Amino acid sequence: MATGFQAPGSGSLLHSLIRTKPVDQIVSEGGQGEGGELKRSMSLLQLTLFSVGATLGTGIFVVLGEAVPLAGPAVVLSFILAAVTALFSALSYAELAGTIPVSGSSYSYAYATLGELVAWVCGWCLLLEYAVSVSAVAVGWGSYLNEFFDKTFGFTMPAAISNSPGDNGGVINLPAVAVVLIATFLLLRGTSESATANTIMVFLKIGVLIFFCVVAFTAFDSGNMTPFAPMGWAGISAAGSKVFFSYIGFDAASTAGEEAKNPKRDLPLAIIFSLVIVTIVYVAVGLTAVGAMPWQQFELSGSEASLARVLDVATGASWPSMILSLGAVIAIASVVLTVMYGQTRILFAMSRDGLIPDIFQKVNPRTSVPVANTFIVATFISVLAALIPLGKLVDATSIGTLFAFSLVSVGVIVLRRTRPDMPRSFRTPFYPITPLLGIGFCVYLMYGLGGVTWTVFLLWTAVGLVAYFAYGRRHSRLAKPDGGMNR
């Protein structure tokens, strides 16, 4: 059995840090918050498209232009490297999501397997992952909005209000704030309404990317594919670390564990299906992009709207990139919507455990939405999106995500040893090789990130530890004599 809670004074400091929350207790509390409870309304299709919506677009629409100069045409292999890394983590996620179907995603899994301190650090890293990734996508959304205005109406918004400070004369990025506010409006209407809006946007996004592949393929030149790997494996690996950002979000379905109609069956399937879909799309778009435009030109074209530039070069006309930009403006909003949703649900779970203030778990009984939680998240993300350039956001997101993914793989191993008898709707194949490879690949890609990124990550972790010892440890519901069973 996993380690139980420790009542105050019943053990050492170490025991209080490694106390785990029993899986049965985690599952029994599912959906319950102060003032109301979350509503089970999401089907397998909606869960799958929630993960696709959170994932598809972040890398292709935003990061491809930064990755191609690192690897050349071999950026296709970089996407595959990142996909393999994500696959090992996805299989571990699928097992734990089916076993512990709650809102907290990897935070809740770590709490059940690795103890409170590790769970806190994981949750803290997820806050960085979700908030920063939404901010980065919001910044990219503004770039495509400007691209659409330029192609359609012949004007662009002034740099002062459409770029971040220090980025080409920017002062504040108002379009990035605008898309966050749109997503906030949808989230406050309710989970079912948000899922419907996301479904529409995801189908539109896939349609736009298929359109891109068809048009770009008409200009495919095999000469653009040589030399295939000008920077060798080092370039492929570096670009793999960069484009891993584009796979962040496949775990979004796991944050909806308490709002899924049939979580034990649907959560594992949604995670795997979504990863397969986005990998196929990424490889197809990456291949046609580098085939249609010489890879050296990606560095000159700017990263945020690089696909639109590819269509300009491929066709010599403006209407294809206008269609792409319009589709991106609408479709990238789905990433903002779904990732913001995921962050609010992780905060909901952390608040229910007492590690952060109760305001994050207060649910509106009419809409079944954590309203204050959503407003706080929207405010924080808006500030980041308005004031921090895109490039600084991407790597900071990747390192936090890779750390959280590695903990999920560790959690699978621990839970197999401590609760081998527990019913599992999905079992990670080739255990323990798969979770061990998941850990190894995550560590490898983390190693490939820059020193500044590591500094930011370590500082963020240090701040999180201060917050835990100042508030979380003292307010943890597991520290109560009843272990938090009576809320």
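The values are calculated or read from the model by the stated rules, or taken from the named source; none is laboratory data. As the structure is a prediction and not an experimental result, all values here were calculated from the model. All Cβ positions, glycine included, derive from the backbone under ideal geometry; neighbour counts span all protein chains shown.
Quick notes
- Note on segment 241-290: residues that are over 19 Å from GLU66 (Cβ atoms) and touching a residue at least 40 places away in the same chain (Cβ under 8 Å) amount to 29.
- From LEU324, LEU311, LEU337, LEU387, residue being closer than 26 Å to ALA82 by Cα and in contact with a Pro (Cβ under 7 Å, 6 or more places away or on another chain): LEU311
- Residue match in segment 378-391 (condition: buried (at least 19 other Cβ atoms within 10 Å of the Cβ), under 30 Å from LEU181 (Cβ atoms), modelled with pLDDT under 85 and in contact with a Cys (Cβ under 8 Å, 6 or more places away or on another chain)): no
- So PRO263, is it more than 18 Å from the chain's Cα centre (by Cα) and surrounded by 23 or more Cβ atoms within 10 Å (Cβ to Cβ): yes
- Among the candidates PRO175, PRO227, the residue that is assigned to a helix (DSSP H, G or I) and farther than 20 Å from ALA252 by Cβ is uniquely PRO175.
- Within the span defined as segment 412-435, every residue fails to be under 17 Å from SER106 (Cβ atoms), surrounded by 12 or more Cβ atoms within 10 Å (Cβ to Cβ) and under 18 Å from the mean Cα position of the chain (by Cα).
- Subset of segment 416-439 (residues that are part of a helix (DSSP H, G or I) and modelled with pLDDT of 90 or more): ARG416, ARG417, ILE433, THR434, PRO435, LEU436, LEU437, GLY438, ILE439
- Residue in segment 440-451 that is part of a loop (DSSP other than H, G, I, E, B), hydrophobic (A, V, I, L, M, F, W, C) and surrounded by fewer than 23 Cβ atoms within 10 Å (Cβ to Cβ) present: yes
- ALA239 being surrounded by 21 or more Cβ atoms within 10 Å (Cβ to Cβ), in a helix (DSSP H, G or I) and among the aliphatic types (A, V, I, L, M): yes
- Within segment 136-158, tally of residues that are out of contact with any Pro (no Cβ under 7 Å at 6 or more places or on another chain) and either of a type in the set (Phe, Trp, Tyr) or at pLDDT below 80 (or both): 12
- Residue check for VAL408: among the aliphatic types (A, V, I, L, M) and under 11 Å from SER89 (Cβ atoms): yes
- Checklist (1) farther than 19 Å from GLY342 by Cα; (2) crowded, with 24+ Cβ neighbours inside 10 Å applied to VAL132, failing item: (1)
- Matching residues in segment 241-274 - criterion: being aliphatic (A, V, I, L, M) and closer than 19 Å to MET340 by Cα: ILE248, ALA252, ALA253, ALA256, ALA260, LEU267, ALA270, ILE271
- When each of ALA253, ALA308 is tested for being over 17 Å from the mean Cα position of the chain (by Cα), at negative phi and crowded, with 24+ Cβ neighbours inside 10 Å, the lone residue that passes is ALA308.
- Residue check, TRP295 closer than 30 Å to ALA216 by Cβ, without any contact (Cβ under 8 Å) to a residue 12 or more places away in the chain and surrounded by fewer than 24 Cβ atoms within 10 Å (Cβ to Cβ): no
- Qualifying residue in segment 135-156 (condition: assigned to a loop (DSSP other than H, G, I, E, B) and either aromatic (Phe, Trp, Tyr) or touching a helix residue (DSSP H, G or I) at 6+ places or on another chain (Cβ under 6 Å) (or both)): yes
Yes/no per residue for (1) in a loop (DSSP other than H, G, I, E, B); (2) surrounded by fewer than 24 Cβ atoms within 10 Å (Cβ to Cβ); (3) over 16 Å from the mean Cα position of the chain (by Cα); (4) modelled with pLDDT under 90:
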{"residue": "ILE60", "(1), (2), (3), (4)": "no, no, no, yes"}
{"residue": "ALA86", "(1), (2), (3), (4)": "no, no, no, yes"}
{"residue": "GLU95", "(1), (2), (3), (4)": "no, no, yes, no"}
{"residue": "SER108", "(1), (2), (3), (4)": "no, no, yes, yes"}
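- Screening the candidates PHE50, PHE79 for the property of being in a helix (DSSP H, G or I), in contact with a strand residue (DSSP E or B) (Cβ under 9 Å, 6 or more places away or on another chain), buried (at least 24 other Cβ atoms within 10 Å of the Cβ) and at pLDDT 80 or above yields one hit, PHE50.
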